[in-house]
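Let me begin by presenting the structure, written as structure tokens, before commenting on it.
The values are calculated or read from the model by the stated rules, or taken from the named source; none is laboratory data. All values reported here derive from a predicted model rather than from experimental measurement. Note: ideal-geometry Cβ built from the backbone for every residue, glycine included; neighbour counts use all protein chains shown. To get the accessible areas, we keep the full protein, side chains included, count just its heavy atoms, and leave off ligands, DNA and RNA. Shrake-Rupley method; radii C 1.70, N 1.55, O 1.52, S 1.80 Å.
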Amino acid sequence: MSFKRLETDDFVISADSITGVCWDKGVTTLTSFFTSSVQAAASSGDYYLNIQDGPDSSTSESVQFAIAYGSKIGSGSIPYNSGVTGKSPSSTIYGQYRTMILEDENTDFAFGDYTGTEFFVISVDRARFKESLFPGSLNLHLSASEGEVVLTDNSKDVITNTFVGSNRVYQIVSGSNGSAYSGTGYTPNSGSYGWFLPDTGLILLNAMALSGSAAAGGIGLSVTRANTNNLTNNQNLYNALVEGANFQLNSQETITSDFVFIRPRSSEFNYSENPSFISGSTGEVIYNDFINNPQTYVTTVGLYNDTNDLLAVAKLSKPLIKDFTKESLIRVKLDF
């Protein structure tokens, strides 16, 4: 075993972006959507619906995302207390995402050039992505009484990223694969179709834009604003998803790697402490050829700290021959 101190220029740091499918089982596009009757009937059903890739009767179904409806004034759901207006599950949902995204309880959502006080939210299950959602991969088909719309984020149409609070935000527009079909892709009167927040796994859909007529860029999605059953609006969006039958989305992960370059020079690492080199009784080199023309085979690289603790081990794919006429360059990759 031989040691050599590494220098600063022996280290290189690299970051690579890796993309993959978002949905379970390697599915690139969700075309079928299922809810759980158990979850919908539970207390959580007043706030959101979990959307699965199979029915409850399936043995392999898993939650892909959840949908919810939020209203600043608490419309669309039954108040907690009939004597206190504006406080209901929908107002709780609105306040939750306002705090999470805007980070300011006195600020409203601005969907393009329109200030929205109600929205639908699609929250992608955290198990579906490692680091973030992949901008430009969103293709969401929604269908209702006024027709169908294909929605995407506008990540390929903007030059710089926009942040709201600490969250990276893209507008959701009429288009595909990260670009609007024409112009900004907004509706004529209700701004954009919502926000795409890749780092938090959220898609906010502008309820006013979707509920408009086809002439106004909407699909006539039914939005109940009366204080009625809490499940109604969530069910309406679910129906639009089922009719659209197409939801594409990818995930993204940045892998940071440290590359360590090990450079055995011609004069280094040519001898071995292996018993085949050294006489066990006298400590002399057994063969003269091992003195003037030794050969060794590098098989393993160990990385140690200054206190001689072994931190990492790299195994070569095959032994690397080394003698006084050869120099080598071994690249060790450490992923974090």
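Worth a mention:
- Rounded to the nearest whole Hz, the Karplus-based 3J(HN,Hα) values (6.51 cos²θ - 1.76 cosθ + 1.60, θ = phi - 60°) of the stretch 202-216 follow the sequence 10, 10, 9, 10, 5, 4, 5, 5, 6, 7, x, 6, 4, 5, 9, with x at glycine and proline.
- Available extension along the chain between residue 114 and residue 160 is 14.5 nm, counting 0.36 nm per residue and deducting the alpha carbon span.
- Taking each of 4/318; 87/156; 25/87 in turn, the alpha-carbon distance tops 28 angstrom for 87/156; 25/87.
- Positive contributions from Lys and Arg (+1) and negative ones from Asp and Glu (-1), summed over other residues with Cβ under 13 Å from the Cβ of residue 14, come out at -1.
- Remark: the stretch 1-135 carries a charge dipole of roughly 280 debye about the Cα centre, counting +1 on each Lys and Arg Cβ and -1 on each Asp and Glu Cβ.
- Counted by Cβ distance under 15 Å from residue 165, the other residues give a net charge of -3, where Lys and Arg count +1 and Asp and Glu count -1.
- Annotation for residue 268 and residue 14: the two label points, set 7 Å from Cα along the Cα-Cβ direction, are 2.1 nm apart.
- Think of each Lys and Arg Cβ as +1 and each Asp and Glu Cβ as -1; about the Cα centre, that makes the dipole of the stretch 82-221 roughly 260 debye.
- Taking 0.36 nm per residue of separation and subtracting the Cα-Cα distance, full extension of the segment from residue 304 to residue 254 would add 15.3 nm.
- Ordering 107, 256, 28 by the projection of their Cα atoms onto the charge dipole of the chain, which places +1 on the Cβ of Lys and Arg and -1 on the Cβ of Asp and Glu, puts 28 at the extreme positive end.
- For the chain, the longest principal axis of the alpha carbon atoms and the long axis of helix 232-244 meet at an angle near 60°.
- Shape category assigned to the stretch 255-332 from the gyration tensor of Cα positions, a/c cut at 1.5: prolate
- Under the criterion of Cα pairs below 8 Å and six or more residues apart, the relative contact order for the stretch 7-92 equals 18 percent.
- The stretch 1-117: C-alpha gyration tensor shape, a/c 1.5 cut-off, then a/b vs b/c: oblate
- Accessible surface computed residue by residue for the chain, with neighbouring protein chains in place and a 1.4 Å probe, gives 51 Å² per residue.
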